[in-house]
Protein chains: 2
Amino acid sequence: MAKQTHSSAALQQTADLLHSASIRILRRIRRADEATGLSGPRLSALSVVVFRGPLSIGELAAAEQVRPPTISRMIKDLEYEGFVLRRASPDDGRVQLVSATAAGRRLLERGRRRRVQELSALLEVLPQRERQTVRAAAEILLRIAT
Amino acid sequence: MAKQTHSSAALQQTADLLHSASIRILRRIRRADEATGLSGPRLSALSVVVFRGPLSIGELAAAEQVRPPTISRMIKDLEYEGFVLRRASPDDGRVQLVSATAAGRRLLERGRRRRVQELSALLEVLPQRERQTVRAAAEILLRIAT
DNA sequence: GATAATATTTAGCTTAGCTAAGGAATATTT
DNA sequence: AAATATTCCTTAGCTAAGCTAAATATTATC
């Protein structure tokens, strides 16, 4: 019973630590992303288009966990700015298929490089053993957190 | 040289994994936070007020990495809703000191409990060894990521 | 005492989220 | 085959949360 209690308290502490760590990691990354000139939500949407595209507005909205009108407007802007293309689906006239332009791909790749650099710089100061711990944890978390 | 290259590629992979993991963790937490009825930014500001308060609008803005007008408006609303109080500083008539009400503390505590529960539930499925890996990684990251 | 600096607020803009409602295309029912 | 229902997207209009610039009030400095 004492063991149980202790374990649950430890779990809560871990949860707290994980929470804070995640917030700080993403704050770092946001800084790198700003350099691309695209906001977080747009960059995220573009990323889905690049890696999973071509896909419909509805699919993109689902992937971004956002309502279709939000994506509709965002894609309109990204299209105007030349990062994305839209065409009617050949199978279903209601559907708009979104895909990335070469400029969109380039922008995303540049952003990704910056972002990874930022995090790599952070991790670089760690001894090899700690890097491995971080990596192992990231893999574990990706496995359990959909 | 080969070692160098390999290590740098591994670092990038780790950075990528960490990025994805952080996004997913915070997505989970957001869901729990929604149940409090306060948005992320407001909850975050309230949290600073509860744990570091009383403090000035400017200090709060700095803590939240946001401009003073953003906080000024948010605090006005939180005050109206009864979660926060404002009074002039006795030392400096320009500054407004913000502190939490009992209702504010209760709300935050309830939110924190939900959030930790959500994460704990996630971590609970892990064997003890993996939990320790996650915890160790969180501690490492907190140490290096300001 | 006049001027400069600082803290906050107000005003007005943008982006990104939402719901509700409308139009066009497709699917279903009779 | 026609009528009806559903689906996909867009438009319109709202809110929250960020920003800058400018106004106000207080404190600090010369």
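The values are calculated or read from the model by the stated rules, or taken from the named source; none is laboratory data. None of these values were measured; they are calculated from a predicted model. Ideal geometry is used to build each Cβ from the backbone, glycine not excepted, and the neighbour counts take in all protein chains shown. With ligands, DNA and RNA removed, areas are computed over all heavy atoms of the protein, side chains included. Shrake-Rupley method; radii C 1.70, N 1.55, O 1.52, S 1.80 Å.
Residue of chain B with the Cβ closest to the rotation axis carrying B onto A, and that distance rounded to whole Å: B:Ala137, 2.
For A:Arg87, the distances from its label point to the matching points in the remaining copies are 6.8 nm, ordered from shortest, with each point set 7 Å beyond Cα toward Cβ. Apply 1/(1 + (r/R0)^6) to the Cβ-Cβ distance of A:Arg106 and A:Arg67, taking R0 = 22 Å, and write down the FRET efficiency to the nearest 0.05. Working from the Cβ atoms, E equals 0.15. Rolling a 1.4 Å probe over the protein heavy atoms gives segment B:23-144 an accessible area of 57 Å² per residue. For the pair B:Ser99 and B:Lys76, the difference between a 0.36 nm per residue extended length and the Cα-Cα distance amounts to 7.0 nm. Remark: accessible area buried at the B-A interface is about 4800 Å², both chains counted, probe radius 1.4 Å. Sorting B:Arg67, B:Arg73 by accessible area puts them as B:Arg67, B:Arg73; the probe is 1.4 Å, largest comes first, and only protein heavy atoms count. B:Ala62 label point (Cα plus 7 Å toward Cβ) to equivalent points in the other copies: 4.8 nm, shortest first. Modelled spin-label separation between B:Arg129 and B:Ala35, with each label point placed 7 Å from Cα along the Cα-to-Cβ direction: 3.3 nm.
Contact order for chain A, expressed relative to its length and based on alpha carbon pairs under 8 Å spaced 6+ residues apart, stands at 23 percent.
Name the shape class, rounded, prolate or oblate, that the alpha-carbon gyration tensor gives for the protein assembly as shown, where a ≥ b ≥ c are the square roots of its eigenvalues, rounded holds for a/c under 1.5, and otherwise prolate holds if a/b is larger than b/c and oblate otherwise. Oblate, since a/c reaches 1.5 and b/c is not below a/b. For segment B:43-146, the dipole from Cβ point charges (+1 on Lys and Arg, -1 on Asp and Glu) about the Cα centre works out to 180 debye, to the nearest 20. Working from label points 7 Å from Cα in the Cα-to-Cβ sense, the B:Arg87 to B:Ala121 distance is 4.1 nm. Take each residue in B:109-115, count the other chain C-beta atoms within 10 Å of its C-beta, and the mean is 1.
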